[in-house]
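Structure record follows, encoded as structure tokens.
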Amino acid sequence: MKNLLYVVFILLIMNQAGLADDRSAVKELLESKLDAAIEVMQKKDLEQKAKNKKIIAIVTPIFNFPLMAKLSLGRKYWPGLSKEKKERFTDLFIKRLKASYVDKLTLYTDEKVVYKLPVHSKRKIEIPTELISKNNKISMLYKFHQSKHSWKIYDIEVEGVSIILTYRSQFDQVLSKGTIDDLLLKLEKPENK
């Protein structure tokens, strides 16, 4: 019995160490990608279009864009779509989300990003951050899930508002009065500034 308790205790310690390693690794991943993106934004010798392209290349690997597309439609609409409509929606959603993300980053001037301690629950890690400027502080929460080979962002909350839930609400408004084709046409149009 004593040996069994010892084994259970060792397994618990090893599990906690693994969780701490995951939290640290995910935090380091986020920091490295955001710092690299901010560094590109601060380059004076690059045109905005070139900056946008570099930023997308930097951050794309840490996002699970297909999952975000699926979550933005939710269980109410996603299962009923054909494979072709899922693919078309996903492509359009990813383009919209990338454009929106880059658009938000271009607002960055001289803010400082503060990374707080990651929180781990089940197969998810959340990393609270704050974007601090002279007159303002914006809280952001990056939500990661463990995919097959790595940790990926599946949602971001800005000031407590989920990007995925915001899109879902917008899409639900369109789909409650129209069809998926209406939504796809709407997504094909450039986003209003």
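Laboratory data are not the source of any read-out in this text; all were calculated from the coordinates shown. These numbers were taken from a predicted model, which means no experiment stands behind them. Heads up, the Cβs are rebuilt from the backbone with ideal geometry, glycines too, and the neighbour counts pull from every protein chain shown.
Just one residue in the set 144, 93 is within 16 Å of residue 70 (Cβ to Cβ) and either surrounded by 14 or more Cβ atoms within 10 Å (Cβ to Cβ) or aliphatic (A, V, I, L, M) (or both); that residue is 93. Please tell me if residue 97 is touching a residue at least 12 places away in the same chain (Cβ under 8 Å), out of contact with any Lys or Arg (no Cβ under 8 Å at 6 or more places or on another chain), in a strand (DSSP E or B) and of a type outside the set (S, T, N, Q). Against the criterion (touching a residue at least 12 places away in the same chain (Cβ under 8 Å), out of contact with any Lys or Arg (no Cβ under 8 Å at 6 or more places or on another chain), in a strand (DSSP E or B) and of a type outside the set (S, T, N, Q)), residue 97 does not qualify.
Check the stretch 55-78 and report whether any residue there is farther than 19 Å from residue 153 by Cα and loosely packed, with under 13 Cβ neighbours inside 10 Å. Within the stretch 55-78, one or more residues are farther than 19 Å from residue 153 by Cα and loosely packed, with under 13 Cβ neighbours inside 10 Å. Would you confirm, using the coordinates I've provided, whether residue 86 is in contact with a Phe, Trp or Tyr (Cβ under 9 Å, 6 or more places away or on another chain), charged (D, E, K, R) and surrounded by fewer than 16 Cβ atoms within 10 Å (Cβ to Cβ)? Judged against the criteria, residue 86 is not a match. Within the stretch 157-176, residues that are part of a helix (DSSP H, G or I) have Cβ atoms under 7 Å from residues that are small (Gly, Ala, Ser) in these pairs: 164/72; 167/72; 168/72; 168/74; 171/72, counting only partners at least 6 apart in sequence or on another chain. Here the condition is being in contact with a strand residue (DSSP E or B) (Cβ under 7 Å, 6 or more places away or on another chain), charged (D, E, K, R), outside any loop (DSSP other than H, G, I, E, B) and within 30 Å of residue 44 (Cα to Cα); of 130, 126, it holds for 130 alone. If you go through the stretch 134-193 and pick out every residue that is under 20 Å from residue 103 (Cα atoms), over 17 Å from the mean Cα position of the chain (by Cα) and aliphatic (A, V, I, L, M), you end up with 1. Could you pull out the residue among 82, 72, 32 that is touching a residue at least 24 places away in the same chain (Cβ under 8 Å) and among the small types (Gly, Ala, Ser)? The match here is 72.
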